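Below: the structure, in structure tokens.
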Amino acid sequence: MSPSKVITISILLFILCSAISGYIGYINPIWILNENQILYLFSTSAQVLAGVYGLTLTGFIFFRNELSREEFDDDSLTDAVEALKERYFKLLVFITLFSVFTLLISNFVISIESSKNSNMGTFFINVGQASFVINLLVITYFIFDVIAPKRIERASKNLQETFDPVSSTEEKGSLEEFLTNFNQIEYILQKYGQAFQSEMSGFQPKSRRRISNVKLAQIILQAERIDNGLFDEIKRLITLRNSIVHGEEPIVSLKMVTASRSILVGLSNALGVHVPEN
């Protein structure tokens, strides 16, 4: 599920659980707690939630560093890794806000327990416990989502469907031809991109680390050998190719095969490179 769906479902569940538990608390309460039990319940809930959130955040920081290491080792994973980071960040922001809300409700219940308004106390007791339970469920979902196997493959598949949604009725293209066109584009980018980088910097870089294709295309753009339109097409093609390579279904539409050939021709003409006929 997308982060927006997770957030929407969580909020709806919280509202539903709060309404049901509040109604039962007014009409026919299942448990009647005394003051000491309420104070102990909510102080313990707040401590448990804070501890779980802290451990989740710490574990995620280490996991995020591991994702960054994978991205550094293989630049073709950049798009998938960045998509995962964005997904996890949105979920973590929601969990943080939900946890703060739950802690505030717990503190509020503790502070009003001595109040004579029993109806208000009953309402916030049920809301607080509903928030606590839903919060733990969201954190559990987040943990399993982070450690799920084949997360890179699923993220790549989502990117592939975004840039090239191949339907059952759409004509599929030749993956071999698509990769052949891309390999020629990559060769041109590596050759001329590094050459333009040396010209602009005035020296040959000592680092042997491979420069990403997107960075090389950006260097050629800065050298004013291609325009922004062609650069954006190259960038989209790189993202699609990487998502196909690391995805679960290595398929490509005929439209993207044709587009890859068109991009190859456009880049070759811009740099004065001869392109062999297919």
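The values are calculated or read from the model by the stated rules, or taken from the named source; none is laboratory data. Since the model is a prediction, treat every value here as computed from it, not as a measurement. Note: ideal-geometry Cβ built from the backbone for every residue, glycine included; neighbour counts use all protein chains shown. What goes into the accessible areas is simple: the full protein's heavy atoms, side chains included, and nothing from ligands, DNA or RNA. Shrake-Rupley method; radii C 1.70, N 1.55, O 1.52, S 1.80 Å.
Points worth noting:
- Any hit, region 116-130, residues being part of a helix (DSSP H, G or I), aliphatic (A, V, I, L, M) and surrounded by fewer than 19 Cβ atoms within 10 Å (Cβ to Cβ): yes
- Close contacts from region 50-72, counting a first residue that is open to solvent by 40 Å² or more (accessible area, probe 1.4 Å) and a second that is at pLDDT 85 or above and hydroxyl-bearing (Ser, Thr, Tyr), with Cβ to Cβ under 8 Å and a gap of 6+ residues or different chains, come to Ala50/Ser99; Tyr53/Thr96; Tyr53/Ser99; Arg64/Tyr88.
- Residue pairs whose Cβ atoms lie under 7 Å apart, sitting 6 or more positions apart in sequence or on different chains, and linking a residue in region 1-30 that is open to solvent by 100 Å² or more (accessible area, probe 1.4 Å) to a partner that is in a helix (DSSP H, G or I), are Tyr26/Thr122; Ile30/Ile24.
- Residue under evaluation Leu267, criteria (1) over 31 Å from the mean Cα position of the chain (by Cα); (2) open to solvent by 40 Å² or more (accessible area, probe 1.4 Å), criterion not met: (2)
- Selected residue [surrounded by 15 or more Cβ atoms within 10 Å (Cβ to Cβ), among the small types (Gly, Ala, Ser) and within 18 Å of Tyr141 (Cβ to Cβ)] from Ser99, Ser106: Ser99
- Some residue of region 134-156 being farther than 22 Å from Arg69 by Cα and in contact with a Cys (Cβ under 7 Å, 6 or more places away or on another chain): yes
- Residue ID - surrounded by the fewest Cβ atoms within 10 Å (Cβ to Cβ), chosen from residues in region 147-187 that are in contact with a helix residue (DSSP H, G or I) (Cβ under 6 Å, 6 or more places away or on another chain) and β-branched (Val, Ile, Thr): Ile152
- Given (1) open to solvent by less than 50 Å² (accessible area, probe 1.4 Å); (2) at pLDDT 80 or above; (3) part of a loop (DSSP other than H, G, I, E, B), index of the condition Ile211 fails: (2)
- Taken over region 87-108, the criterion of being under 17 Å from Ser18 (Cα atoms), in contact (Cβ under 8 Å) with a residue 60 or more places away in the chain and not small (Gly, Ala, Ser) is satisfied by Phe98 alone.
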